[in-house]
Amino acid sequence: MTGIGYRMNNTRPRLLIVWHGALFPEYRKPFDLLHRSTCDVALLVPTHWRQALPREQAYIPDSNESFRTCVERVRFSNHAVLHYYPDLYRILRETSPDVLLAMEEPYSLLTARLLFWCRKHNIPFLFHTYQDIYKRYPPPFGWTQSYVLKHADLALAANRTVEQVLRRKGFTRPILLYPYGIDPVQFQPVEKQSSTMIRIGYVGRFVPEKGIDLLISAFAKLPSSTQLVLVGDGPERGALVELSNTLRVADRIEWIDLVPPSQLPNIYRDMDIFVLPSRTMPNWQEQFGRVLVEAMACGVPVVGSSCGAIPEVIGDAGLLFPENSLDLLVSCLNRLMNSEPLRQEYAVRGRERVLQFYTHEHCAQVLDNALKSSLSKSGEGQGGVD
């Protein structure tokens, strides 16, 4: 990874990252790589978070991390756009950043507060967004978004649709793609023993938008020599179990509850095909599909719907079907089931695609490029508060 260089006073640039989602060590790996390589990283993260998770999640520490972490109490931990840190300004003074990156949406009130502070102290401000649907927000969120898009120095986008939405909203500054990264050593293939049983799998939330009902319906049309593995939890579980009973496939489905991230590689390796059958909802479409990257890294051929960013993530390394199309999902599964060479081809392609675009090292390099860009436009980062 190329370095961003030093400030004019020969000290490393100071980067503060604010992200309510950085509860898991896996999400923080690029920050650690960046800190070890080129700049002093500090992270502000809440002690706990509730939104969009099956249950309240506490921050998980990692003694191997080299950067500074400020684990702080947060108010409104069930609301991404309303939450705030009571001790925010103390943290800002103590970390004294040269650049601030808010891994928060531009319509979040916290994002606006951080930007206001950066403008007051002449510090470059960057933000990251997953928003891939063009929406208009009521006050004060619409005002907040306009303020951020007008004054932020650079944006990190989760996928190219997000980039298009930002441009449509009038953002004129640089945009860099910052996807999800994994550890290709932790998630890597293993040699499989040949078997007549084909295991098809899904990992994630059990909610309507993930299309698991479609997957179970497609599975019911496959030969009895197949098994379905559903890993996760969510409000739709009861309805999905009932559907499997109605379709008379319950005895061929294995249900696995939520597991620690460390156990996921072995779960993927036990699969022969991985499926992400997401469907677009009025206010949601698939923003990335982390599980696709994890499965591809483990050498599992993937099948995905046309929902949101799924085609961009898969590229030519798997099979795609139009969302909600039962017959075409069945066709994709049959193609892979009936051809071991095709499964092996997509297994190799998927692994190669992950190594090129979706590693922690790649994400750290994107952050490095963002810092270079922002510091070069602000006199090599002399705006920090000391």
Check your understanding: Among the listed residues TYR147, TYR89, which satisfies the condition of being at pLDDT 95 or above and surrounded by 16 or more Cβ atoms within 10 Å (Cβ to Cβ)?
Key -> TYR147
Exercise for review: Examine the stretch 149-160 for a residue that is within 18 Å of the chain's Cα centre (by Cα), assigned by TED's automatic domain parsing to the domain that holds ASP32 and not aliphatic (A, V, I, L, M), and state whether such a residue exists.
Suggested key: yes
Point to revise | One residue from GLN344, GLN356, GLN365 being out of contact with any Phe, Trp or Tyr (no Cβ under 8 Å at 6 or more places or on another chain), assigned to a helix (DSSP H, G or I), buried (at least 16 other Cβ atoms within 10 Å of the Cβ) and not β-branched (Val, Ile, Thr) | key: GLN365
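Residue by residue, here is whether (1) free of Cβ contacts under 8 Å to residues at least 40 places away in the same chain; (2) not polar (S, T, N, Q) holds:
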residue	(1), (2)
ARG279	no, yes
GLY289	yes, yes
VAL303	yes, yes
TYR346	no, yes
HIS360	no, yes
GLN365	no, no
LYS377	no, yes
Practice item. Output the number of residues of the stretch 40-72 satisfying the condition of being touching a His at 6+ places or on another chain (Cβ under 9 Å), modelled with pLDDT of 95 or more and in a loop (DSSP other than H, G, I, E, B). Key: 4
Check your understanding: Any idea which of LEU336, LEU326 is touching a strand residue (DSSP E or B) at 6+ places or on another chain (Cβ under 9 Å), among the hydrophobic types (A, V, I, L, M, F, W, C) and modelled with pLDDT of 95 or more?
Key -> LEU336
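This table checks each residue for (1) under 17 Å from ILE17 (Cα atoms); (2) aromatic (Phe, Trp, Tyr); (3) in contact (Cβ under 8 Å) with a residue 24 or more places away in the chain; (4) crowded, with 16+ Cβ neighbours inside 10 Å.
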{"site": "LEU43", "(1), (2), (3), (4)": "yes, no, yes, yes"}
{"site": "THR47", "(1), (2), (3), (4)": "yes, no, yes, no"}
{"site": "ARG50", "(1), (2), (3), (4)": "no, no, yes, no"}
{"site": "ALA58", "(1), (2), (3), (4)": "no, no, yes, no"}
{"site": "SER63", "(1), (2), (3), (4)": "no, no, no, no"}
{"site": "PHE67", "(1), (2), (3), (4)": "yes, yes, yes, yes"}
{"site": "HIS79", "(1), (2), (3), (4)": "no, no, yes, no"}
{"site": "LEU82", "(1), (2), (3), (4)": "no, no, yes, no"}
{"site": "PRO97", "(1), (2), (3), (4)": "yes, no, yes, yes"}
Revision key, fill the gap. With the first residue restricted to the stretch 136-148 and required to be without any contact (Cβ under 8 Å) to a residue 12 or more places away in the chain, and the second required to be assigned to a helix (DSSP H, G or I) and surrounded by fewer than 16 Cβ atoms within 10 Å (Cβ to Cβ), Cβ contacts under 9 Å at 6 or more apart or on different chains are ARG136/GLY142
**Study point:** Only one of GLU340, GLU352, GLU312 that is in contact (Cβ under 8 Å) with a residue 60 or more places away in the chain and of a type in the set (Asp, Glu)
**Key:** GLU312
Practice item. Can you give me the number of residues within the stretch 270-284 that are of a type outside the set (D, E, K, R) and surrounded by fewer than 19 Cβ atoms within 10 Å (Cβ to Cβ)? Key: 5
Point to revise | Pick from the stretch 212-249, criterion of a type in the set (A, V, I, L, M), assigned to a helix (DSSP H, G or I) and touching a Leu at 6+ places or on another chain (Cβ under 9 Å), ranking: farthest from MET337 (Cα to Cα) | key: LEU240
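Per-residue answers, yes or no, for (1) surrounded by 16 or more Cβ atoms within 10 Å (Cβ to Cβ); (2) in contact with a Lys or Arg (Cβ under 6 Å, 6 or more places away or on another chain); (3) farther than 30 Å from LEU33 by Cβ; (4) hydroxyl-bearing (Ser, Thr, Tyr):
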| site | (1), (2), (3), (4) |
| --- | --- |
| PRO189 | yes, no, no, no |
| VAL203 | yes, no, no, no |
| ALA220 | yes, no, yes, no |
| PRO223 | no, no, yes, no |
| ARG237 | yes, no, yes, no |
| SER262 | no, no, no, yes |
| PRO265 | yes, no, no, no |
Review point. Can you name the residue in the stretch 319-337 that is in a helix (DSSP H, G or I), hydrophobic (A, V, I, L, M, F, W, C) and touching a residue at least 24 places away in the same chain (Cβ under 8 Å) and, of all such residues, is farthest from LEU154 (Cα to Cα)?
Key: MET337
Practice item. Look at GLN193 and say whether it is free of Cβ contacts under 8 Å to residues at least 12 places away in the same chain and outside the structural domain of LEU34 (by TED's automatic domain parsing). Key: yes
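The values are calculated or read from the model by the stated rules, or taken from the named source; none is laboratory data. All figures in this text were calculated on a predicted structure; none of them were measured in a lab. Virtual Cβ from ideal backbone geometry, glycine too; neighbours counted across all protein chains shown.
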